[in-house]
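Accompanying notes for the structure given below.
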Amino acid sequence: MRIVFDSNVILAAFASRGLCAELFESCITAYDIVLNKQIIDEVSGNLSKKLKMPNDKIELIVNFLMEFCTFIETQNIPEKLSRDPDDDGIINLALESGSEYIITGDKDLLVIKEYKSIKMLTPRSFLEIK
């Protein structure tokens, strides 16, 4: 099964030892986690700007993600799908990759709940059903 972890969940997984880290660790071997350039850029940018993480550590995390996740080049977004245009790229990634879930803490995505059979769940909700 393919799933998309939104950048906020990946960031939380690498920033602290909690639910997101536990979920990410359990999913990395059990599922095909799909990423695109937008997610990688958001994760690396936030690790640097918000968490003030050193560049060498950011590079290790990005390399880890690129090695153990599936990276997909996405095409142009055909239509406006959510309240936040940045979230359209996440939905488009899920569509193009055939993912069943988007795991996110983003309220703009969570309010959609489901789009073309792609379910949008919080990390806790996904943990409860997996």
Please check: in the Gaussian network model of the chain (C-alpha springs, under 10 Å), which one of D87, D56, D108 has the largest mean-square fluctuation. D56
Using a basic spin-label model with each label point 7 Å from the Cα along Cα→Cβ, how many nm lie between E114 and K37? 3.3
Give me Rg/Rg_expected for the chain, where Rg uses Cα atoms only and Rg_expected = 2.2 N^0.38 Å with N residues. 0.98
In segment 1-99, which GluC sites (Glu not before Pro) fall in coil by DSSP and have 14 or fewer other Cβ atoms within 10 Å? E73, E79
For each of I118, I40, count neighbouring Cβ atoms within 10 Å of the residue's Cβ, then give the residues from fewest to most. I40, I118
Candidate lysines for bridging to K107, where Cα separation is under 19 Å - those fewer than 8 sequence places away on the same chain excluded: K80, K116, K119
Under 18 Å Cα to Cα from K50, which aspartates and glutamates show up? Leave out anything in the same chain fewer than 8 places away. D6, D41, E42, E59, D106
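Computed from the coordinates by the stated procedures, all read-outs in this text should not be read as laboratory data. Model, not experiment: these values are computed from the prediction. All Cβ positions, even for glycine, are placed from backbone atoms using ideal geometry, and neighbour counts span all protein chains on display.
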